[in-house]
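Values in this text are rule-based calculations from the coordinates and carry no lab data. Treat the numbers as computed from the prediction; the structure is a model and nothing was measured. Positions of Cβ are backbone-derived with ideal geometry, glycine not excepted, and every protein chain shown enters the neighbour counts.
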Amino acid sequence: MIQALKYHWESSIQVFTTLKTGKFLLYFLPGLVIGAIYLVFYFQIHELLERSNSTEDQSWIGSAFSWITSQAFGILDILVFEFYKFFILVILSPVNNILSEKYDTHLTGKAFSFSFLRLVNDFIRMIFLVAAALFLEYLFLVIWWFLSWVLPDFIGETLFFFISAFFLGFSFYDYSLERYQLGFFRSWNFGFTKLSYVLVTGTLFSLIFKIPYLGVIISPVLITMIATGVFIKLQQNKLRQQQNT
């Protein structure tokens, strides 16, 4: 875990140093558009909830309806928030994939051959990955909701957060895993053997994503670049170990 934190810190410094030069700033534009759409939808949901609360009567029926409504909107809020995190990864996957490749070339000098077919394959791969991750996360959300009646809230919330962080973090490494031609099983092997790295990456994304208004725009670009930098460091470390043996 210490090395994972160190690699992420060093990669973050590299990213911000690069962005200060003006490079890769255009990759924020797609996230800006999608983030604006999300925020409009988000505020509409909350406006609808406020209207529902303001028009309720004061009887016990009204109080019960208010409680049910608030619970339903609370769950909907979580689902929408979690769905959007994965949705933006699918929609932006072609952009993030190109960004990861360009940033890799910027750091290492390696040139990668681009083809439309590979871009489509990467997009399809990301759809299946995100679909599986979203299904498992929602499945756990249902289990967590039932367990929350008997377990302390912080236990369920902590487990839910780290499961989400794993799948989110892994999705950002998948751009590099595909580019370096690691197959399905080798990719998942990377995810589990480098669990601490994947969790730190996913946690960073979730924390940046929660920054009001700005997080939904900047988090995909920043974490794509940070994860790419960390992956390169792991590859270079692996190469050094092989040369020493």
Theoretical FRET efficiency, 1/(1+(r/R0)^6), r = Cβ-Cβ of L159 and R240, R0 45 Å, to 0.05: 0.80
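Kindly give Rg over Rh for the stretch 180-245, based on alpha-carbon atoms, with the Kirkwood expression for the hydrodynamic radius. All intermediate terms of the calculation are to be shown ahead of the outcome.
Values: Rg = 14.4 Å, Rh = 13.4 Å.
Result: Rg/Rh = 1.08.
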Please list, by residue number, every one of the chymotrypsin sites (Phe, Trp or Tyr not before Pro) in the stretch 162-245 that is coil in DSSP and has at most 10 other beta-carbon atoms within 10 Å. Y213
To the nearest 0.05, how large is the calculated FRET efficiency for I37 and A131 if R₀ is 25 Å and r is the Cβ-Cβ distance? 0.75
The stretch 157-245 - percent relative contact order, Cα under 8 Å, separation 6 or more: 33 percent
With a point put 7 Å past each Cα toward its Cβ, work out how far T108 is from F28 in nm, to one decimal. 2.7 nm
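What is the sum of charges around I13, taking Lys and Arg as +1, Asp and Glu as -1, for the other residues whose C-beta is under 14 Å from the C-beta of I13?
Overall, the nearby charge balance is +2.
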